[in-house]
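Working notes, structure below.
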Amino acid sequence: MTAQTTRTTTETTTAAARPTTTDPATTAEPAHRWISARVRILLWLLVVMTVALTAVATTTRSVLLRDVDHRVDRLLAQETGEFANFVRKGVDPRSGKRFTDPDPLLKLHLERQYADPDEELLGLIDRGAGRTPAKKEQSRAPDVDHALAQDPGGLRAVFGSPDASGTLHRADGVVRWSKVEIGADAGRPAAAFVVAFHPQREQDKAEGVFHMLLAISGVALLMTTGIGWAVAGRILRPVRLVRTTAAQLTEQDLTRRIPVQGRDDIAALAETFNGMLDRLERAFAAQREFVDDAGHELRTPITIVRGHLELMGDDPREREETVRIVMEELDRMSRIVEDLLLLAKAERPDFVTPEPVQLAELTADVFVKARALGERDWRLAEVADTEAELDPQRITQAMVQLAQNAVQHTVPGQRIGIGSRVVRDRAERERVELYVADTGPGVTEQDAAVIFERFRRGTARRGSRGTGAGLGLAIVQAIAEGHGGRAELGRTDEGGATFTLVLNRRTEPR
């Protein structure tokens, strides 16, 4: 028969169920173009969360099951080690000598042990043929369902196994066991001390933690779906505004803008879109202004040309005079068109191409070219001996236009000064000033307010000798703005007008 004790381990497994956001459900990748960016972001978020939380739950389950296995191994090794030590050092209390019979040895050891939950301590003695346990003793605190002690077939399998430990698979569950054999000697029957552990309850706890993690992940997934939907909508709201605003824009209405909130990438996108709308509005405004100006200014010479051609007779002198007038008007139309095209190009980013320029050389070149415009008392007033980042061709064009304007409003012998200088503003930033100062009649306050506008001509005080269309100073202003600066009008000490280009030393992008 078999001497047996059932021992139960009271260990509690603290499985920390870490709630992490999960995403079990929708992991399908949207491929249809009609699916919005909001839905795509949410689906990708859920896919990533599903993978992450599944990995967390699976890893936690495997770690808990591995801990159960390690704890069972330690328990089996501890129990068998204690019995092996008892066999080596144990003394029979009745005789005071070493044990010679396995029966009292096993009985005394089992009486001194306490079985933990899910644990059995068995003493097996072979008293019959075939190494079959013939005697068994129940433990004092059995706490095992479907105990191995009640399974004769399982006892025979464990007792007859040549291994010191193993796993017994039964219909009632798995049993982990380890044994210490006491061999037969001088008529003594073979015996063994067996420690059996039923890990099913501990494994069920690990599975319970796993299922709890899945449940928490499901709840977290639902919460993430709602929160992600709201957050994605809030973040992508400027994008929707960009779309709706772009759909509502027309050539007649370019004034709509997107409200910018925050300082993130979406806000930067809204600012960029608003900047693009500003450029579009300026471009359309310039286009409409060009068409209006061209229509307004070209209508008069066209009418003059048509009228003279319609009234032209057969008289050779009359025909010659008509041809002369028509050619003058055509030349004026050509100049107007060229000036208007130049003003239209001023809105393009490549209107100016800055490069490092020596201001002294640039000022001297302008002075030499301006002297050929008329017999005036030309003076090179001052020269800035420094380098600036400018477009030399555009600056020369603007300065020559200012010199031409000064010639038109002065008489031979009057002084015209050309110069350049470097000044510092209140913020200690250096600016370049290039100017043309004349000693003519000056500019009235009424004209000064609008003198840089298109098709604005000075009143009688500035003289009536000019034949331009009133686009020269507008071109000067456009060139200055292309360099990130401005054109200014001031008074000369002698009473004339001083036109100044105020520019940054380094051209700032528009």
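The values are calculated or read from the model by the stated rules, or taken from the named source; none is laboratory data. Everything numeric in this text was worked out from a predicted model, so none of it was measured. Positions of Cβ are generated from backbone atoms using ideal geometry, with glycine treated the same way; all protein chains shown enter the neighbour counts. Surface accessibility is based on the protein's heavy atoms, side chains included, excluding ligands, DNA and RNA. Shrake-Rupley method; radii C 1.70, N 1.55, O 1.52, S 1.80 Å.
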(request) Take the Cα atoms of the range 304-455, build their convex hull, and give its volume per residue in Å³. (result) 179 Å³
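When the dipole is taken about the Cα centre of the range 192-330, and only Lys, Arg (+1) and Asp, Glu (-1) are charged at their Cβ, what size is it in debye, to the nearest 20?
So the magnitude is around 1300 debye.
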(message) What FRET efficiency comes out for V174 versus V63 if R0 is 22 angstrom and r is the Cβ-Cβ distance? Round to the nearest 0.05.
(response) 0.70
(message) If I model a spin label at Q248 and S334 as a point 7 Å from the Cα along the Cα→Cβ vector, what separation in nanometres do I get?
(response) 4.9 nm
(message) Sort 393-399, 71-77 by the packing proxy (mean of other Cβ within 10 Å over each peptide's residues), most packed first.
(response) 393-399, 71-77
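Per 0.36 nm of contour for each residue apart, how much would the distance between E445 and V411 grow if the chain were fully extended, relative to their Cα-Cα spacing? Before the final figure, lay out the partial values.
Numbers: separation 34, 0.36 × 34 = 12.24 nm, distance 2.20 nm.
Fully extending the segment from E445 to V411 adds 10.0 nm.
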(request) Specify the inter-centroid distance of the range 391-409 and the range 249-278, based on alpha-carbon positions, in whole Å. (result) 38 Å
(request) At 0.36 nm per residue, minus the direct Cα-Cα distance, what do A268 and R40 gain on full extension? Give it in nm, one decimal, please. (result) 79.9 nm
(request) Using the Karplus curve 6.51 cos²θ - 1.76 cosθ + 1.60 with θ = phi - 60°, work out ³J(HN,Hα) for each residue of the range 376-382 in order, rounded to whole Hz, and write x for Gly and Pro. (result) 10, 7, 6, 10, 8, 5, 7
(message) If packing is taken as the average count of other Cβ atoms within 10 Å, what order do 192-199, 304-311 fall into, highest mean first?
(response) 192-199, 304-311
(message) Sort 82-88, 433-439, 215-221 by packing, meaning the average of other beta carbons within 10 Å per residue, with the highest value first.
(response) 433-439, 215-221, 82-88
(request) Could you work out the Kirkwood radius for the range 286-377, taking every pair of different alpha carbons, averaging 1/r and inverting it, reported in Å? (result) 17.0 Å
(message) Run the numbers for M276 and E82: contour at 0.36 nm per residue of separation, minus the present Cα-Cα distance, in nm.
(response) 61.4 nm
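Out of all DSSP beta bridges with both ends in the range 352-457, state the antiparallel percent to the nearest 5.
75 percent
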(message) Please list, by residue number, everything in the range 56-80 whose backbone N is under 15 Å from a paramagnetic label point 7 Å out along Cα→Cβ of S165.
(response) 66-80
(request) Could you check how much of the accessible area of the range 280-415 is carbon and sulfur, as a whole percent, using a 1.4 Å probe? (result) 51 percent
